[in-house]
Amino acid sequence: MAAVTRNWAVEQFWRIHPWLYRVSGGRIGGRVNGMPVLLLTTTGRRSGQSRTTPLIYGRDGDRYVVVASRGGAPAHPAWYDNLVAQPEISVQVMADRFRARARTASPVEKPALWKKMAAIWPPYEEYQQRTTREIPVVIIERI
């Protein structure tokens, strides 16, 4: 696989994105390239420190749905490993901040949720083809 070219400006945006999102109540960063974005805060499974990740999301009734794609990399993203270890998380969707519980969608739930998320962000299909791991779909439910 070809090496990924880094773009300094893009990296800086993603570094400050959570701060911009929080202080603006999601007015800045609540949508990126037309995609809805939430902030997911997990507890580091080794460090015990809070880690915040901006993620594209979808809705399934009252639940939020995110995909642990990591662009089709061979390993799961750290945020996913953290929430598997500690499923109680914090979420911010626009100005709404809340505690939630996250879980991996079951094999019965996943196909419909995957289809919904691939409609929001079509590259998920390519990401799944790029890796041998099964990309998890995560269901987030408000506590």
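Computed packing ranks the peptides 133-142, 17-26 as 133-142, 17-26, most packed first, by mean other Cβ atoms within 10 Å. Each 5 Å bin from 0 upward holds the following percent of the Cα-Cα pairs of the chain: 2, 10, 18, 22, 24, 16, 7, 2, 0. Spin-label pair residue 63-residue 126: with each label point 7 Å from Cα along the Cα-Cβ axis, the two points sit 2.8 nm from one another. Gyration tensor over the Cα atoms of segment 11-90: the corresponding equivalent ellipsoid has semi-axes (square roots of 5 times the eigenvalues, largest first) of 20, 15, 14 Å.
Where a number appears in this text, it was derived from the coordinates with a stated rule and is not lab data. All values reported here derive from a predicted model rather than from experimental measurement. Glycine also receives a Cβ, built like all others from the backbone with ideal geometry; neighbour counts cover every protein chain displayed.
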